[in-house]
Structure formats: C-alpha cells, structure tokens
1. For the chain, take the longest principal axis of its alpha carbons; what is the angle in degrees between that and the long axis of helix 25-34, to the nearest 10 within 0 to 90?
2. With the cut-off at 1.5 for a/c, could you classify the chain from its C-alpha gyration tensor as rounded, prolate or oblate?
3. Using a 1.4 Å probe over the heavy atoms of the protein chains, calculate the carbon and sulfur portion of the accessible area of the chain as a whole percent.
4. Looking at the chain as a GNM with Cα springs under 10 Å, which of V72, V64, V42 has the largest mean-square fluctuation?
5. Top mean-square fluctuation among N54, N67, N45, Gaussian network model of the chain, C-alpha springs under 10 Å?
6. Straight-line reach only, C-alpha to C-alpha below 20 angstrom: list the lysines that K75 could link to, leaving out same-chain residues fewer than 8 apart.
Amino acid sequence: MIYQVTKDNQTLEIDDNVFFDKQPKEFRQMYQTVRIIETKDVKGNVITTMQTNNAEFDNCFVEVFENGRVIVTLKQDKDATI
C-alpha cells in the first residue's frame, strides 16, 4: 500500500511492499534523521543519543525491521469518531 509520510512541510510517498533499501533516497535520509532520539538534561544539553528502529512522523509511525521490511502505522485524528 502506498502511504504519504509527512515531516514538517515535506511529504513523501512510500510503498510498504518495497524494502527499505529500495525506498526513495529522500525518505531513507528523513527516516535516518527522525529515528535519532536525544535525551537532554534540565539545561537542554544533549546527554545521550540513541538510534531506534522506528520513527515518529507528523502523520504516522514508521518501523523498519532487520530484514528491511517497512511498517507504516497511521496516526488517528484526535477528532475522529469510532
């Protein structure tokens, strides 16, 4: 399935049937940046940096498994009713 992945003002289309290494270069670069989590002290100084296998985008979460499989989980609109 093709998803639109948005971060800040940039929107990219990715296909979750395509392995990570075959995704568009722009998406791979964005994912690498977004998946880095920084822990800061009370003064705002970075004390640790950690890379995860998942990344939070504006409209979804993306997880990449060791085998390269990409899973996209869309965020639900807070105003949406079930």
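The values are calculated or read from the model by the stated rules, or taken from the named source; none is laboratory data. Quick caveat: nothing in here was measured; it's all calculated off a predicted structure. We work out accessible area using only protein heavy atoms, side chains counted, and drop any ligands, DNA or RNA first. Shrake-Rupley method; radii C 1.70, N 1.55, O 1.52, S 1.80 Å.
1. Rounded to the nearest ten degrees, it is 40.
2. Values: a/c = 2.03, a/b = 1.29, b/c = 1.57.
Cα axes put the chain in the oblate bin.
3. Numbers: 3020 of 6250 Å².
Ligands and nucleic acids excluded, carbon and sulfur reach 48 percent.
4. In this elastic network of the chain, the residue with the biggest mean-square fluctuation among V72, V64, V42 is V42.
5. Checking each option, the largest mean-square fluctuation is seen for N45.
6. The reachable lysines, counting only those whose Cα sits under 20 Å from K75, are K7.
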